[in-house]
1. When the expected Rg is taken as 2.2 N^0.38 Å, what fraction or multiple of it is the alpha-carbon Rg of segment 113-179?
2. Taking the number of other C-beta atoms within 10 Å as the exposure measure, put Phe352, Phe517, Phe63 in order starting with the fewest.
3. What is the fewest-to-most order of Leu336, Leu269, Leu509 by other Cβ atoms lying within 10 Å of their Cβ?
4. Counting helices only, and only those DSSP H runs with n ≥ 4, report the 222 nm mean residue ellipticity of the chain as the sum of -39,500 (n - 2.57) divided by its residues, in deg cm²/dmol to the nearest 500.
5. Given the convex hull over the Cα atoms of segment 6-96, what projected area results after averaging over all orientations, in nm²?
6. So what is Rg over Rh here for segment 468-594, counting just Cα atoms and using Kirkwood for Rh?
7. Out of residues 5 or more away from Ile202 or on other chains, whose amide H comes under 5 Å of its own, with H placed 1.01 Å from N in the peptide plane?
8. Looking at the chain, send over the antiparallel percent of its DSSP beta bridges, to the nearest 5.
Amino acid sequence: MLDIKEIFRVGKEFLKLVPVLAVKPPTDGDAVSMATVLEETVAKFPDHSMIIFEDRELTWGQFNALTNQFAHALMARGVKRGDCVSVIMENRIEMLAATFALQKIGAIASLINFALTGAQLAHCVTISESVACLVGEEVYGNLDEVRAQLDLPDEAILWVADQRSSAVPANAEDIVSTLDQYADTNLPDTGTILAGATAMYIFTSGTTGMPKAAKIPHRRWMAAGRAFGLAGCQAKVSDRFYLCLPLFHGTGIVCGIGSCFFTGASIFLRRRFSASEFWSDVQTYQCTNFIYVGELCRYLLAQPVCPEEHNNPLTRVFGNGLRPDIWDEFKQRFGLERICEFYGSSEGNVSFFNALNKDRTMGLTPATIMLVKYDIDADEIIRDADGKLIEVAKGEPGLLIGEIDEQYKFDGYTNDSATESKILRDVIKPGDAWFNTGDLIREQDVGFAMGKAHYQFVDRVGDTFRWRSENVSTNEVGEILNGHDQIEMANVYGVDVPATEGKAGMVSLILRPGEVFDVEGFSAFVTAKLPHFAQPVFVRVQPEAETTGTFKLLKGELRKQAFHLDQVSDDLYVLPPRASQYQKLDAQLYQSIMDGTAGY
């Protein structure tokens, strides 16, 4: 029997969507950009608080002035429309101002994970064809270590001061100290930047090799920011967003920053998340909206009850990865009115969001999609006798693919072969093209929903898994581990860990003949070569690798056995939380992992 109250509630939510859906999204040839969005918001709310960070607060007008000074300074150093500049900084005002300065010029901001080091960092700077690097004082040492691998002169390394606790490097320029000599007025050519131009690169782990640079045009950033801000977050100028996700990440920059720039809402920005300080921050700065990834929600639930969480001003949260098993508890404990889960990827052409405020769902999508059968163990799409894809039954998990058309374009990567590898062709009719998301989802019954199908995320498939809010490429990690002197073959995969989001990395190692596993040496290698989120949590040392007939490494059985002591006779090692050295996995530590008390 239909619930009349629910019908009215859903109807009201749907009516809020109408103004957003009624606006035609920008096309590639329109002279609009995220830079013009910023300038329009500044014109409306010049004296309204825009951002609070540590001991600083800027209005929209002040932030725009700082951004313009950065833009004029970069142009004076030869940066022009279409150029790419790497931005490598922790969350802070200068990172955001530098990124939007590039938008005002019509240049491309290559947003690089500040935790990357060594070959991965050098690769990201190189494949983006950066003409310069805006690198923060706080992470300069990482870039300096790979300077010899970069084809950039000293004058192209622009050091962005943070606390000024270190001296300005001799082979870089202190750009911040020069900003006062530049105009703080808007650039006259900003209004001619086209929506189809690339605004930024966001790096995503590929299924092979190093990270890939996904191209994000202004058109896409604007469409997402407007929809998410107005319909997803239901934000107003009087709102304040709590933003602690890294701004090199799509959820932080596209969803969080995009939502605020479209609505005039202000931002409380943190360098990084702190579960213990979260609620005192929310109360002190009167934050009404929170941009999350699922593991942050789980961390908050794991915290003891504190006085600040009661009668808090937070009413709406928006993000991805909030799992059904903690949804209700999270919503009820913290008194939330609205949880708007969304689904999307940096490079993907389809997105979903929970616009109707239904529980335990990632919502709906206006795009044309299919859910097709996928063999998880064989890691391949299942086809019928004629070679066609097979749609799953309603409620059954299937691989999500989205049709590529004029409205839902796949903008791809800087690498053409990587772009083509994500496209399925001739799926329904000759000449059609579909984006392969690499994710399993299922259609979900959420009751009355205005005839709109809702969906729920199930899992990632194939050679990528998600851990610590990052997509981790199994092949990328495997290739790096294969560089260790002792290792013949590294087979990397993701495994479930109780009371955590995503999957933890695990590697099965085949050692070279005559080698005995050196735990200390392997630990040092992993710490030096891999960022923390890509470091395998578990290690299994096998006598030999199992492969398919085409010599593809088998992972299905390894995933099932995972690190379970009763299923694995090989030696197992684990990297405890906040540790830098692996240790043998014993029964006591195993039990703490299984009951969720180990700290992951």
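Laboratory data are not the source of any read-out in this text; all were calculated from the coordinates shown. Please read these numbers as outputs of a predicted model, since none were measured by experiment. Counting neighbours? That spans all protein chains shown, and the Cβs are built from the backbone with ideal geometry, glycine included.
1. On the way: Rg = 11.3 Å, N = 67, 2.2 N^0.38 = 10.9 Å.
Ratio of Cα Rg to 2.2 N^0.38 Å: 1.04.
2. On the way: Phe352 25, Phe517 15, Phe63 21.
Listed from fewest to most nearby Cβ atoms, that is Phe517, Phe63, Phe352.
3. On the way: Leu336 15, Leu269 23, Leu509 26.
Least crowded to most crowded, the residues run Leu336, Leu269, Leu509.
4. On the way: 16 runs with 157 residues, N = 600.
My calculation for the chain gives -7500 deg cm²/dmol from helical runs alone.
5. Details: hull surface 39.0 nm².
Over all viewing directions, segment 6-96 projects a mean Cα-hull area of 9.8 nm².
6. Numbers: Rg = 13.7 Å, Rh = 14.8 Å.
Computed over Cα atoms, the ratio is 0.92.
7. The list, which skips near neighbours in sequence, is Ala214, Ile216.
8. About 60 percent, rounded to the nearest 5.
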